[in-house]
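The structure under discussion appears below in the form of structure tokens.
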Amino acid sequence: MPLRPNFLLGGAPKSGTTALANYLRDHSSIFVSQLKEPFYWASDLPAMRESMRVTSEADYLALFDDATSQHVARGECSTLYLLSECAIRDSLAWNPEMKYIFMLRCPTDIAHAYHMQMRFHEFEDLADFQSAWDAQKSRRDNPGIVPRRCREPRLLQYSQVASIGTHLKNAMELIDPKQLHVILFEDFANNTRLTYESVLHFLGVPSDSRKEFPKDNVAMKSRNALLTRMLRSSVVHSTSLVLKKRLRGRAYRWARTAKHTLMFRKAARPSLDADFEKTVHKSFVPQIEMLEELLKRDLSHWKTPNIS
């Protein structure tokens, strides 16, 4: 019988979870499932969970088949667990000792970066972030106008996705403080080693003296829409899921790199209109103030756009 997971990594989209998961996966005392984003505990986002073919407890536990007694910490990374209304409640009921690592960043950056990600996945058909932001209400009131390829219309509600003050407050009402570790993306980016070591301490594993922290999941665009669509077809997707579950170490990293090279190219996020950026920042001020109170930390630099 596989060992059960005892930690979950999630938080805000585009906040460093992919990189951290990869660093932790290399630690000899930590097991992180090769399949990222199984979404198993987010049963209120059924289309996302079904897309990863992890819909039963047996499917979920199979992700940890290769975990051994040397793996003191065993977990998986599904970013949207913080957004989900049931993931924390249900995972705690399943394992009351579950630990949670949530990574957060400035809400405006979350919303803008997530729009770019939704564009890549073809969930979003509005190329301009301002247009997508303005379409939130109409899409909420009329789901029929949501792009056909969008599995979960809720994910196009960028304001809701980036409302991390509310999401964290709800999480903290359920999780024992000793079982929660919150990371701000700017700390992770500015001092990755120190942040990584703090996670190891939280998980109760010794330092591995890691010194190299390559960047991962930087801003990307599709190289070719047709090629990307083919590589994300149901047949290729199903094969990819099997490989993710079975490949290990260098073989997994090679296959992942090869697929990403074919699909992605690096691309900076487009700049926003100054007045629109101010409007978005202003809309998130209550969320930032809530987060300041929860974390006991000054985040005033998140409240004003850095416009030259």
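Please identify every one of the GluC sites (Glu not before Pro) in the range 122-201 that sits in a loop by DSSP and has no more than 14 other beta carbons within 10 Å of its own beta carbon.
Numbers: sites: Glu122, Glu124, Glu173, Glu186, Glu197; in loops: Glu122, Glu124, Glu173.
Here the sparse-neighbourhood loop sites are Glu173.
Excluding ligands, DNA and RNA, what is the solvent-accessible area per residue of the range 38-192 at a probe of 1.4 Å, expressed in Å²? If you can, show how the numbers build up before the last one.
Values: 6470 Å² over 155 residues.
Result: 42 Å² of accessible area for each residue.
What does the extension gain come out to for Gln70 and Val285, with contour length at 0.36 nm per residue minus their alpha carbon separation? Numbers along the way, then the final one.
Numbers: separation 215, 0.36 × 215 = 77.40 nm, distance 4.46 nm.
Contour length minus the Cα-Cα distance gives 72.9 nm.
Could you compute the net charge surrounding Asn170? Neighbours are other residues with a C-beta less than 10 Å from the C-beta of Asn170; K and R count +1, D and E count -1.
Numbers: positive: Arg89, Lys169; negative: Glu85, Glu173.
Net charge around Asn170: 0.
Near the amide H of Leu184, under 5 Å away, which other amide H atoms are found, from residues 5 or more places off or on another chain, if H is placed in the peptide plane?
Leu104
Quick one: Karplus J couplings for the range 69-79, per residue in order, coefficients 6.51, -1.76, 1.60, θ = phi - 60°, nearest Hz, x for Gly and Pro?
5, 6, 7, 5, 10, 9, x, 8, 10, 9, 3
Compute the length gained on full extension between Asn191 and Asp26: take 0.36 nm times their separation in residues and subtract their Cα-Cα distance, giving the result in nm to one decimal. Please report the intermediate quantities before stating the final value.
Details: separation 165, 0.36 × 165 = 59.40 nm, distance 1.88 nm.
Separation in residues times 0.36 nm, less the Cα-Cα distance, equals 57.5 nm.
With the crude spin-label approximation of a point 7 Å out along Cα→Cβ, what separation in nm comes out for Ser198 versus Cys86?
Here the modelled spin labels are 3.3 nm apart.
Show the residues, 5+ positions off or on another chain, whose built amide H is closer than 5 Å to the amide H of Val32.
Sorted by chain and number, the residues that satisfy this are Gly75.
Which ³J(HN,Hα) values, rounded to whole Hz and listed in residue order, are derived for the range 37-50 from phi using the Karplus coefficients 6.51, -1.76 and 1.60 in 6.51 cos²θ - 1.76 cosθ + 1.60 with θ = phi - 60°, glycine and proline given as x?
6, x, 6, 4, 7, 8, 5, 7, 10, x, 5, 5, 5, 5
Tell me the carbon and sulfur percent of the accessible area for the range 18-123, rounded to whole percent, probe radius 1.4 Å. Please list the in-between numbers first.
Numbers: 1540 of 3330 Å².
On the range 18-123, the fraction of accessible area on carbon and sulfur atoms equals 46 percent.
Summing +1 for each Lys or Arg and -1 for each Asp or Glu, what net charge is found among the other residues whose Cβ lies under 11 Å from the Cβ of Leu126? List each step's numbers first, then the result.
Numbers: positive: Arg119, Arg139; negative: Glu124, Asp125, Asp128, Asp134.
My count for the surroundings of Leu126 gives -2.
Taking all protein chains as present, what is the carbon and sulfur share of the accessible area of the range 166-221, in % to the nearest whole number, probe 1.4 Å?
Working: 1760 of 3330 Å².
Carbon and sulfur atoms account for 53 percent of the accessible area of the range 166-221.
The values are calculated or read from the model by the stated rules, or taken from the named source; none is laboratory data. For clarity, every value in this text was computed on a predicted model and none was experimentally measured. Ideal geometry is used to build each Cβ from the backbone, glycine not excepted, and the neighbour counts take in all protein chains shown. The accessibility values were calculated without ligands, DNA or RNA, using every heavy atom of the protein model including side chains. Shrake-Rupley method; radii C 1.70, N 1.55, O 1.52, S 1.80 Å.
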